[in-house]
């Protein structure tokens, strides 16, 4: 199996992994001594059980993308509860006792998984699922774009459409005159029509949450 370019360039073994605050540690992890699938986040760690389901609760097949659920030992390998919030704790688990992570992953061969997106970052455009990250990856490599975030805007016919926020490399004051057209041209050539942004907003900064992540909930309020 061919290794991704960074492996060959630096001679460093890289493995994927996934975890969140509620899982205490890595719930999904690659294996140093096994041939991992490039760009995967690994397989379920021994301390956890994983389910990947469709929206109706049925299991996804290999090559399909679904909702990631995880089970561990509460208080040991999984959080015990949300403090003073019994309702949130109850609603975070399915009927089988699996924690609903809010992430979407693609099931690969041999139990490996590839990260997709946060479920709340999935757009419903005319009945089609669109991952915000897919659009962001296309725009993020365009010269002149420093940072990009995509959120959904309500639409009377299509339910939702993509809106893009972009921080230009040199700031809004020095915005290249053709950057808007460059972004749209790239999106039209690289994405299906329904994934092409309906609006682009250039900003000097974006709202941030912990760890300096872009606070998409705040961006959504700006397009409502």
Residue by residue through region 81-90, note down the ones that are part of a loop (DSSP other than H, G, I, E, B) and either surrounded by 11 or more Cβ atoms within 10 Å (Cβ to Cβ) or not assigned by TED's automatic domain parsing to the domain that holds residue 41 (or both).
81, 82, 85
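Let's see how each residue does on (1) free of Cβ contacts under 8 Å to residues at least 12 places away in the same chain; (2) surrounded by 16 or more Cβ atoms within 10 Å (Cβ to Cβ); (3) closer than 23 Å to residue 204 by Cα:
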site: 128; (1), (2), (3): no, no, no
site: 139; (1), (2), (3): no, yes, yes
site: 146; (1), (2), (3): no, no, yes
site: 152; (1), (2), (3): no, yes, yes
site: 159; (1), (2), (3): no, no, no
site: 162; (1), (2), (3): no, yes, yes
site: 165; (1), (2), (3): no, yes, yes
site: 168; (1), (2), (3): no, yes, yes
site: 172; (1), (2), (3): no, no, yes
Positions within region 177-204 being assigned to a loop (DSSP other than H, G, I, E, B), surrounded by fewer than 16 Cβ atoms within 10 Å (Cβ to Cβ) and more than 21 Å from the chain's Cα centre (by Cα), in sequence order
177, 178, 204
Quick check on region 91-105. Is at least one of its residues part of a loop (DSSP other than H, G, I, E, B), in contact with a strand residue (DSSP E or B) (Cβ under 7 Å, 6 or more places away or on another chain) and closer than 28 Å to residue 221 by Cα?
yes
What strands (runs of 3 or more DSSP E) completely inside region 13-76 contain at least 1 residues that are over 19 Å from residue 97 (Cα atoms)?
17-19, 26-29, 65-71
How many of the residues in region 54-78 are surrounded by 11 or more Cβ atoms within 10 Å (Cβ to Cβ) and within 22 Å of the chain's Cα centre (by Cα)?
14
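The values are calculated or read from the model by the stated rules, or taken from the named source; none is laboratory data. Values in this document were obtained by computation on a predicted structure and should not be read as measured data. For neighbour counting, all protein chains shown are included, and Cβ atoms are generated from backbone atoms with ideal geometry for every residue, glycine included.
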